[in-house]
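A.B. asks: The structure is given below, and queries will be raised subsequently.
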Amino acid sequence: GHAGKLTMDQYIGKLASSRMVWSPAGHGLSTFRDLEVILAGAAPVLDGLPGRRELYEKKFRSLPVIWVPGSYCRAQHFCPSVNVTPGWLEGEWASLLARRGRRRGVSARRQRGKSAGPEARTVHHIF
């Protein structure tokens, strides 16, 4: 194999053990990575390119997504308007849990107590 490349088993294992996974837009507003991450039970961390958030809010509003605010800053390059740090991601994760808890009528505190769900997983950058 190529140095630094994951096998399919390694890739699926990383997805399955992740809470959040960075999933850049690529050539369109949506990508197969977004769905792979969601199907694995994690939340995709998505760039807020124009039109992408509107697409997700229209078609996939009930799915767990973490948005990185920003805009184009150079020819087709996304530049975040926040410093994306582990602390920022953890804050966004807590907000996501609180929103999901309100929708389900379950408190975020109770959700965090579950060990088998994505709340107990780690954060990976696998792309």
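The values are calculated or read from the model by the stated rules, or taken from the named source; none is laboratory data. Predicted model only: the values in this text are computed from it and were never measured. Counting neighbours? That spans all protein chains shown, and the Cβs are built from the backbone with ideal geometry, glycine included. The accessibility values were calculated without ligands, DNA or RNA, using every heavy atom of the protein model including side chains. Shrake-Rupley method; radii C 1.70, N 1.55, O 1.52, S 1.80 Å.
A.B. asks: Residue by residue through segment 82-98, note down the ones that are β-branched (Val, Ile, Thr) and over 13 Å from the mean Cα position of the chain (by Cα). Write out each step before concluding.
C.D. replies: Applying the first criterion (β-branched (Val, Ile, Thr)) to segment 82-98 yields 82, 84-85.
82, 85, listed by residue number.
A.B. asks: Output the residues belonging to segment 66-114 that are among the β-branched types (Val, Ile, Thr) and modelled with pLDDT under 75.
C.D. replies: Taking segment 66-114 and keeping what is among the β-branched types (Val, Ile, Thr), we get 66, 68, 82, 84-85, 106.
Residue satisfying the conditions is 106 alone.
A.B. asks: Against the conditions (1) open to solvent by less than 60 Å² (accessible area, probe 1.4 Å); (2) in contact (Cβ under 8 Å) with a residue 40 or more places away in the chain, where does residue 70 fall short? Just the number, please.
C.D. replies: (2)
A.B. asks: Considering only segment 46-60, state which residues are part of a helix (DSSP H, G or I) and surrounded by fewer than 14 Cβ atoms within 10 Å (Cβ to Cβ). Walk me through it before giving the result.
C.D. replies: Taking segment 46-60 and keeping what is part of a helix (DSSP H, G or I), we get 52-59.
Once the filter is applied, which keeps residues that are part of a helix (DSSP H, G or I) and surrounded by fewer than 14 Cβ atoms within 10 Å (Cβ to Cβ), segment 46-60 yields 54, 55, 57, 58, 59.
A.B. asks: Quick one: residue 13 ticks every box in (1) under 25 Å from residue 61 (Cα atoms); (2) open to solvent by less than 60 Å² (accessible area, probe 1.4 Å) bar one, so which box is it?
C.D. replies: (1)
A.B. asks: Further question on the same structure: Kindly indicate whether residue 87 is open to solvent by less than 30 Å² (accessible area, probe 1.4 Å) and over 12 Å from residue 43 (Cα atoms).
C.D. replies: No; evaluated as a whole, the condition is false for this residue.
A.B. asks: Is one or more of the residues making up segment 61-68 over 12 Å from the mean Cα position of the chain (by Cα) and either in a loop (DSSP other than H, G, I, E, B) or among the charged types (D, E, K, R) (or both)?
C.D. replies: Filtering segment 61-68 down to residues over 12 Å from the mean Cα position of the chain (by Cα) leaves 61-62.
Still in the list and also either in a loop (DSSP other than H, G, I, E, B) or among the charged types (D, E, K, R) (or both): 61-62.
Yes, there is a match, as at least one residue in segment 61-68 is over 12 Å from the mean Cα position of the chain (by Cα) and either in a loop (DSSP other than H, G, I, E, B) or among the charged types (D, E, K, R) (or both).
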